[in-house]
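Each remark here refers to the structure printed beneath this line.
The values are calculated or read from the model by the stated rules, or taken from the named source; none is laboratory data. Given the structure is predicted, the values throughout are model-derived calculations rather than measurements. Note that each Cβ is placed from the backbone with ideal geometry, even for glycine, and that neighbours are counted across all protein chains shown.
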Amino acid sequence: MSFKVASVQFRPDMGRIADNVERMAAIVAQAVQEEGAELVCFPETAISGYYVEGAASENALAADEVLSLFSERLSGLKRPVDVLVGFYEKSVGQPHNSAAYLEIGSRVVGVYRKFFLPTYTVFDEERFVTRGTELGLFDTRLGKVGVLICEDVWHSVLSSVLALKGAEIICAPIASPARGFQGSEPSNVERYERMARAISEEHGVFTITSMLTGFEGGKGLVGGSVIFDPFGERLAKGDILDDHMVVAEIDLSKIAQARSKAPLLDDLRESWETIMNLSKD
């Protein structure tokens, strides 16, 4: 099975949910009609902006509301499309930093709630949102899709568990302020690219990052979204700082080829119980 995926770098207007969704829906329509995309991935908190902080609850939506907002605006599409989008999700108490996987015009396939909430340097996330407790793995019409959000990518155990549970594609919506300017790109862009490549190489999966752009609270969100195949070959990369859409072909048959050539996931599966026992000592 093969299909096209679009990873979208997006610059939201903070707190202007209706306007942001209007623009995002237009991008989805473009991705479908001009690029033939069947999956469109947006960044972390793209619907509202990331640094809304104490206003996260005011900007929070239920996943069904997100589906309705997109479906209303995309009712004229002649082809089916799935959308992965980051948003603040309504919850009892504080909201979650979540990503919803949507079949437009049909259903919410699943919602992943960010597990690792940073509270260092320019981040204070755990003050405003609640940690998730469930794995982000969804059975979709396009295959098994795993989801990580931003700092989740830094903790390799989560991508390992997703791969062990059958993920074929791992999507990572990200909001990452620029930092480290010694090289040709900000160091956080280089780091996310290295981590995405490592996930694909180690587990034989497609890895897609979707990076927020723009300036929020004096912080520049950088872009540099990437798509890697199961061999760790980069298929596409977005521009730095700008709104941008990159498109790549996802051929799921490559997964078996990559895992046959480098059976690291099988080795991990065979040793997983022993590894978990070691962590108890």
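A few remarks follow.
Here is a yes/no grid of residues against (1) crowded, with 23+ Cβ neighbours inside 10 Å; (2) touching a residue at least 40 places away in the same chain (Cβ under 8 Å); (3) touching a Ser or Thr at 6+ places or on another chain (Cβ under 6 Å):
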position: Asp13; (1), (2), (3): no, no, no
position: Glu38; (1), (2), (3): no, yes, no
position: Ile47; (1), (2), (3): yes, yes, no
position: Glu65; (1), (2), (3): no, no, no
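- The residues listed here are Gly105, Gly86; of these, the one that is more than 17 Å from Ile170 (Cβ to Cβ) and small (Gly, Ala, Ser) is Gly105.
- Residues located in region 33-54, provided they are in a helix (DSSP H, G or I) and touching a Leu at 6+ places or on another chain (Cβ under 6 Å): none
- Answer from Ala63, Ala25 - the residue that is of a type in the set (Gly, Ala, Ser), within 18 Å of the chain's Cα centre (by Cα) and closer than 26 Å to Ala196 by Cβ: Ala63
- Filtering Thr207, Thr213, Thr274 for residues that are modelled with pLDDT of 95 or more and not acidic (Asp, Glu) leaves a single hit, Thr207.
- From Ser68, Ser57, residue being in contact with a strand residue (DSSP E or B) (Cβ under 9 Å, 6 or more places away or on another chain), small (Gly, Ala, Ser) and outside any strand (DSSP E or B): Ser57
- Taken over region 186-208, the criterion of being among the β-branched types (Val, Ile, Thr) and out of contact with any Ser or Thr (no Cβ under 7 Å at 6 or more places or on another chain) is satisfied by Val189, Val205.
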